[in-house]
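A.B. asks: Please read through the structure below; I'll follow up with questions.
The values are calculated or read from the model by the stated rules, or taken from the named source; none is laboratory data. Keep in mind that what you see is a predicted model, and the values were worked out from it rather than measured. Virtual Cβ from ideal backbone geometry, glycine too; neighbours counted across all protein chains shown. Keep in mind that these areas ignore ligands, DNA and RNA; they rest on the heavy atoms of the full protein, side chains included. Shrake-Rupley method; radii C 1.70, N 1.55, O 1.52, S 1.80 Å.
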Amino acid sequence: MKVIVVGCGKIGKTIVESMVDERHDVVAIDNDPQVIETITNTYDVMAVCGNATSREMLQQANVAKTDLFIAVTESDEVNMLSCFLARRMGAKYTVARIRETSYNDDGLQFLSKELELSMALNPELLAAETLFDILKLPSAVNVDNFAGKKIQMLEIVVKENSPLNNVSLQDLRKKSSVQFVACAVGRGDDVYTPTGTFVLKKDDKVAFMVKRTDTHKFLKSVGLGQKQSRDVIILGGSVVACYLAKMLVANGFYAKIIEKNEETCQRIAEILPSNATVICGDGMSQDLLWEEGIKATDAFVALTGKDEENILISFYAMSEHVPKVITKVSHNETSSLAEKLGIDTIVSPRKIVANVLTRYARALNNSLESKVETMYSLMDGKAEALEFQVLADCSFNNIPFKELQLKSNFIIAGIIRGKETIIPAGNDFITAGDRVIVVATDTRLHDLSEIAR
């Protein structure tokens, strides 16, 4: 597909990288010459410097033959206007980044319809939703939902004292009171598609697929039961922090935001519910954190705009034995540093957005046999979990999995058939109309037919 990405900041650059990895024909547009130079030196893309709301600029980028037009500049208005122009000039699908909270109420649906947007993206809201899911299941370092949240994938890091350490998956299955699939294991730089004899080791990151209704029962039965993080301290008064605090309070949690900028504190105090607390002070101060109860809190979430600060204060929170510590990191280099320091729950808003758009781009490439409904990257991008809708022409419909010769780097992890949710075994099969979840390691999966030999 031909893809145009407007705005090549942190999020835009990550989207460009993702689309290049997907082998799309990418054109990047930004009004900063240095940004354009960096993009062209880093990626094999065409790049244009200029204003994306200019008709001449869009013509230069050949917008009339564009399949997917993505606008993610810092300005909501520029994103919406450029998408509107691109649509009028022939772009098939348009996606706009819209961050302003006033646009994300009832008016957003109206704007999307009037501007003919294919999708409106709010990276901060997506990040907050991810954080909230993790806080509800603190045993996991990441939580992804499939099939309208009927199936959940939990990424869990095996600690030295974990009940998973030195346990084979077949023995773990005997412990569990519910069905599950261990669909990928990250060990160092390698990712494995595990069999029953695979033995989990310290520092492994393992992805489990389980019915959402069975999630807590599964975690408890394998010794990983942990109470929800009801008392949460959030460092940094960002937009993500505000969204997260609202979600927490609305669901009976207690949220406290620490922000050192007085003006920001006043602004967020006005928009947050009265039962959320805003503290004006330097969250990098250990004395302040002690005063605000870091030793008694259930969870600490570092959401400042600086990766280094987030990592440093998260490391301190871990030293104070906070049960759940989550760190926002924007750069790959600092993400690796955080992992080396033992910070295992890391959230990157720009990667979340890139995943959403990669999934959307694949869905536009629907095949005859299946189409992508949902896609998540896992194991630091070395594996993918995809949800397909099974079409009538699928070549292995109604064939039990035990009779199929599946390639070694694929696992069928879940099936949704009408109102029934299935964690599959050898006698199960797929049929037209099903939604099936497949986990692929060390490869990119575009079509369901690719999993069989």
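A.B. asks: Tell me yes or no: at least one residue of segment 442-453 is open to solvent by 30 Å² or more (accessible area, probe 1.4 Å) and at pLDDT 90 or above. Show your work before the answer.
C.D. replies: Keep residues of segment 442-453 that are open to solvent by 30 Å² or more (accessible area, probe 1.4 Å), which gives 442-444, 446, 449-450, 453.
Imposing the further condition that a residue be at pLDDT 90 or above reduces the set to none.
The answer is no; no qualifying residue exists.
A.B. asks: For the structure I just gave you, tell me whether Lys402 is under 29 Å from the mean Cα position of the chain (by Cα), open to solvent by 60 Å² or more (accessible area, probe 1.4 Å) and of a type outside the set (A, V, I, L, M). Give the steps one after another, and end with the answer.
C.D. replies: Working: under 29 Å from the mean Cα position of the chain (by Cα): no; open to solvent by 60 Å² or more (accessible area, probe 1.4 Å): yes; of a type outside the set (A, V, I, L, M): yes.
When the stated conditions are applied, Lys402 does not pass them.
A.B. asks: If I go through segment 266-293 residue by residue, how many of them are under 14 Å from Val232 (Cβ atoms) and modelled with pLDDT of 90 or more?
C.D. replies: The number of residues fulfilling the criteria is 9.
A.B. asks: Sticking with this one: Which ones in segment 69-84 are small (Gly, Ala, Ser) and either open to solvent by less than 20 Å² (accessible area, probe 1.4 Å) or farther than 16 Å from Gly50 by Cα (or both)? Give the steps one after another, and end with the answer.
C.D. replies: Looking only at segment 69-84, we keep the residues that are small (Gly, Ala, Ser), and these are 71, 75, 82.
Within segment 69-84, Ala71, Ser82 meet the criteria.
A.B. asks: Another question, if that's okay. Which one is surrounded by the fewest Cβ atoms within 10 Å (Cβ to Cβ), of the residues in segment 184-199 that are touching a strand residue (DSSP E or B) at 6+ places or on another chain (Cβ under 6 Å) and of a type outside the set (Val, Ile, Thr)?
C.D. replies: Ranking the candidates gives Tyr192 first.
A.B. asks: Can you list the strands (runs of 3 or more DSSP E) found entirely within segment 175-272 that contain at least 1 residues being within 22 Å of the chain's Cα centre (by Cα)?
C.D. replies: On the way: elements: 181-187, 190-192, 205-211, 231-235, 254-259.
Of the strands (runs of 3 or more DSSP E) lying wholly inside segment 175-272, those with at least 1 residues that are within 22 Å of the chain's Cα centre (by Cα) span 181-187, 190-192, 205-211, 231-235.
A.B. asks: Let me ask something additional. May I ask you to verify whether Asp307 is touching a residue at least 24 places away in the same chain (Cβ under 8 Å) and within 17 Å of the chain's Cα centre (by Cα)? Give the derivation first.
C.D. replies: Working: touching a residue at least 24 places away in the same chain (Cβ under 8 Å): yes; within 17 Å of the chain's Cα centre (by Cα): no.
No.
A.B. asks: Still on this structure, I have one more. What are the residue pairs meeting all of these: first residue in segment 391-415, first residue acidic (Asp, Glu), second residue open to solvent by 50 Å² or more (accessible area, probe 1.4 Å), Cβ atoms under 6 Å, and 6 or more apart or on different chains?
C.D. replies: Asp393/Leu368
A.B. asks: For segment 1-19, which positions are over 19 Å from Ser75 (Cβ atoms) and either open to solvent by less than 40 Å² (accessible area, probe 1.4 Å) or modelled with pLDDT of 95 or more (or both)? Explain how you work it out, then say what you get.
C.D. replies: Let us first name the residues in segment 1-19 that are over 19 Å from Ser75 (Cβ atoms), namely 1-3, 17-19.
Within segment 1-19, Lys2, Val3, Ser18, Met19 qualify.
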